[in-house]
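Structure record follows, encoded as structure tokens.
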Amino acid sequence: MSAATIVEINGITVDDTFAEAFPMKATRVVVTAHDATWANHAAVAMTGFATSVIACGCEAGIERVLGADETPDGRPGVAVLLFSMSGKELAKQLERRVGQCVLTCPTTAIYAGLDADAAADRAALGKNLRFFGDGWQISKMIDGRRYWRVPVMDGEFVVEETTPVVKAVGGGNLLILARDTEAALGAAEAAVAAMRALPNVILPFPGGVVRSGSKIGSKYASLPASSNDAFCPALTPLAKRTELTPEIGCVMEIVIDGLTDGDVAAAMRVGMEVILERGAAAGVRRISAGNYGGKLGPYLYRLHALLGRSEA
Amino acid sequence: MSANNRAAGAFRLRLRAQPALRLDLAGLTPGALAGQSPADVARCPLWHGNETVPLGEFFDVSALAGDDATLVFDGDLARCDGIGRELDGGRIRVEGDVGDYLGAGMRAGEITVTGSAGMLAACEMAGGRLDVAGDVGDYAASALPGDMDGMRGGLLIVRGDAGARFGDRMRRGTALVFGAAGDFLASRLVAGTIAVAGEVGAHCGYGMRRGTLIFAGPQPEPPPTFVPTGHDVQVIWTLLARSLAAHGGPFAALAVGRPRRFVGDLAADGKGEWLLPA
């Protein structure tokens, strides 16, 4: 640990470090269905296997559940955010996931969920999936937005033609350094619950938490990333460089993708506040963040600055 | 410099007396007149029958406050054709009746008429908004004689009744009729949405290929070339009904209904639909 300034709140040390995030492309879609259960089934399926762009193609998650009064068609729905490293990859993932997980799910419909001007980049939503209708598909323009109605066995699948794609931020993160597994999980779960209440962000890993934080590169040439050994308690006495001390028995990471820089910062701040509020008695010793020395991305989130403790 | 010679963006054109022959006002758009003075506008040539005459022969021209590209017509313009034809922006307001070709081929902008319009209103309209407080004559939202495509975009609102062949060959856009519609409503419809709140005449949907017809008021009996489909159309219905509800009146409460759906005309492509919510 290389702390230049010591910030300790309720017995928990906040490292003088920063999280490093990178630019992504993102979109929001709204999935609706006959009831909330089926909307959730579709949203869960389409955001499955979308934890990391390292091997999933995109990072996706349920942003929030929508009431019937919040959706275009007056049915219960779910807002889903998808992030990818390029607009092209995002479009590819979107088409596959909508085609295999939403089109297939009983009673669903799917709409663009971002407001954007006409000049904004757009990704196909139903533009290509409509051909599943084998010629029976119908286009409908309503208030300047084109929808496709594809005949399916439960009636018709209504899908908006395209969805806006915007610049976004991926890879914001917090590292929770705790006494043991129970303490680390307790802190992570509390932070995740609070962070997920915020708009415009997703925490793409299972339960919002990742235990296999990675560093760039590997001793094996074919691997782009490998275990973040500096934060592995098993390697504290072994690794050439460790960020841990012997009393740290478990580290959990929360990764945040957001539509804007400010959204990621807000989520990180809320997450830290929840952990700090619980205090050292809950078993957390330190809060840190993953960074790559500024080599990975242009967005740097300094933990002290987020807590208003920056001297800068 | 007198007000008559000062450049302006908005004008009021008051028709002094009804012309003896048809007067063609095509090309008299807010964009074309913006930046001119009332005196310049009064010198604009207009076709009156088979001769051109200065606009000032028929209209009193005055500048209006504000820089918005706006034209206000005042008087009984029932013999004035082509108002707002090819309009591509700005606003036209007509306080009275108008002649034929109102808003024909308009691409953007807004036209409001407090009276009624003649034939071929909104024919080949491609964008913008056209709102007629009274009735429209035959062939509104249809194609120009000899052309293949009718209205292809924008919003047409008729708060009175519509004549025959409303929406003939229409292929995109939305057209609402608060009153009754004449014979051959939506004939040869290619696509788009037409909603009618009053009675409709004979041969409704004749040759309809695609597109949507919504009957917000009396529910006509579909002809034999239209057949019912039994599936749940609540999703697209809600999207449509919520959009139409913004226009109020008979369209305000459509979303609460669950429509019956018929498709046809089976003698044509058969992918058009009638939605009967009552």
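Selection of the stretch B:133-154 for residues being surrounded by fewer than 19 Cβ atoms within 10 Å (Cβ to Cβ) and either within 16 Å of B:G82 (Cα to Cα) or not small (G, A, S) (or both) yields B:L144, B:P145, B:D147, B:M148, B:D149. When the residues of the stretch B:195-231 are narrowed to those that are assigned to a strand (DSSP E or B), free of Cβ contacts under 8 Å to residues at least 40 places away in the same chain and among the hydrophobic types (A, V, I, L, M, F, W, C), which ends up nearest to the other protein chains (Cβ to nearest Cβ)? Filtering the stretch B:195-231 for residues that are assigned to a strand (DSSP E or B), free of Cβ contacts under 8 Å to residues at least 40 places away in the same chain and among the hydrophobic types (A, V, I, L, M, F, W, C), the one nearest to the other protein chains (Cβ to nearest Cβ) comes out as B:V227. In the set A:M46, A:M24, only one residue is more than 14 Å from chain B (Cβ to nearest Cβ), of a type outside the set (V, I, T), crowded, with 19+ Cβ neighbours inside 10 Å and within 28 Å of B:H231 (Cα to Cα); that residue is A:M46.
Of the residues making up the stretch A:224-252, those that are surrounded by fewer than 17 Cβ atoms within 10 Å (Cβ to Cβ) and closer than 22 Å to A:G186 by Cβ number 4. You will find that of B:A164, B:A121, B:A175, B:A104, the residue that is at pLDDT 95 or above, within 19 Å of B:G211 (Cα to Cα) and in a loop (DSSP other than H, G, I, E, B) is B:A164 and no other. Among the numbered conditions (1) in a strand (DSSP E or B); (2) modelled with pLDDT of 95 or more, the only one that A:G48 does not meet is (1). Applying a threshold of 8 Å to beta carbon distances and a minimum spacing of six or more residues, or different chains, the list of pairs starting in the stretch A:211-234 at a residue that is under 14 Å from A:I176 (Cα atoms) and ending at one that is part of a helix (DSSP H, G or I) reads A:G213/A:F231.
Find the strands (runs of 3 or more DSSP E) located wholly in the stretch A:203-307 whose residues include 2 or more that are at pLDDT 95 or above, within 27 Å of A:T47 (Cβ to Cβ) and hydrophobic (A, V, I, L, M, F, W, C), and list them. First the steps, then the outcome.
Values: elements: A:214-216, A:225-227, A:250-258, A:284-288, A:299-302.
The qualifying strands (runs of 3 or more DSSP E) are A:250-258.
Can you find, within the stretch B:232-269, the residue that is nearest to the other protein chains (Cβ to nearest Cβ) among those that are in contact (Cβ under 8 Å) with a residue 60 or more places away in the chain and more than 15 Å from A:D143 (Cβ to Cβ)? Full working, then the answer.
Within the stretch B:232-269, the first condition is being in contact (Cβ under 8 Å) with a residue 60 or more places away in the chain, and the residues that meet it are B:243-244, B:247, B:249-251, B:265, B:267-269.
So of that shortlist, the ones also more than 15 Å from A:D143 (Cβ to Cβ) come out as B:249-250, B:265, B:267-269.
Numbers: B:G249: 18, B:P250: 19, B:D265: 15, B:A267: 18, B:A268: 15, B:D269: 11 Å.
Only one residue tops the list, namely B:D269.
Regarding B:A197, is this residue in contact with a helix residue (DSSP H, G or I) (Cβ under 6 Å, 6 or more places away or on another chain) and closer than 27 Å to A:V150 by Cβ? So B:A197 fails the test. When residues in the stretch A:29-40 are screened for being surrounded by fewer than 21 Cβ atoms within 10 Å (Cβ to Cβ) and in contact (Cβ under 8 Å) with a residue 12 or more places away in the chain, 5 of them pass. Of all residues in the stretch A:176-188, one or more are at pLDDT 95 or above, more than 29 Å from A:M85 (Cα to Cα), of a type in the set (D, E) and assigned to a loop (DSSP other than H, G, I, E, B).
Select from the stretch A:45-63 the residues that are hydrophobic (A, V, I, L, M, F, W, C) and under 18 Å from A:I256 (Cα atoms) and list them in ascending order. Walk me through how you get there before you give the answer.
Looking only at the stretch A:45-63, we keep the residues that are hydrophobic (A, V, I, L, M, F, W, C), and these are A:45-46, A:49-50, A:53-56, A:58, A:60, A:62.
If the condition is that a residue be hydrophobic (A, V, I, L, M, F, W, C) and under 18 Å from A:I256 (Cα atoms), then A:F49, A:A50, A:V53, A:I54, A:A55, A:C56, A:C58, A:A60, A:I62 are the ones that fit.
Do you know which residues across the stretch B:46-84 are of a type in the set (D, E) and assigned to a strand (DSSP E or B)? If the condition is that a residue be of a type in the set (D, E) and assigned to a strand (DSSP E or B), then B:E51, B:D60, B:D74, B:D81 are the ones that fit.
Please go through the stretch A:156-174 and give me each residue that is among the hydrophobic types (A, V, I, L, M, F, W, C), buried (at least 22 other Cβ atoms within 10 Å of the Cβ) and part of a strand (DSSP E or B), ordered by number. Once the filter is applied, which keeps residues that are among the hydrophobic types (A, V, I, L, M, F, W, C), buried (at least 22 other Cβ atoms within 10 Å of the Cβ) and part of a strand (DSSP E or B), the stretch A:156-174 yields A:F157, A:V158, A:V159, A:A168, A:V169, A:L174.
Take residues that are charged (D, E, K, R) and either surrounded by 16 or more Cβ atoms within 10 Å (Cβ to Cβ) or away from every other protein chain (no Cβ under 14 Å) (or both) and tell me which of the strands (runs of 3 or more DSSP E) falling wholly in the stretch A:57-150 contain 2 or more.
Where strands (runs of 3 or more DSSP E) fall fully within the stretch A:57-150 and carry at least 2 residues being charged (D, E, K, R) and either surrounded by 16 or more Cβ atoms within 10 Å (Cβ to Cβ) or away from every other protein chain (no Cβ under 14 Å) (or both), they are A:59-66.
The values are calculated or read from the model by the stated rules, or taken from the named source; none is laboratory data. Everything numeric here is computed off the predicted structure, so don't read it as measured data. Cβ atoms come from the backbone with ideal geometry, glycine included; neighbour counts cover every protein chain shown.
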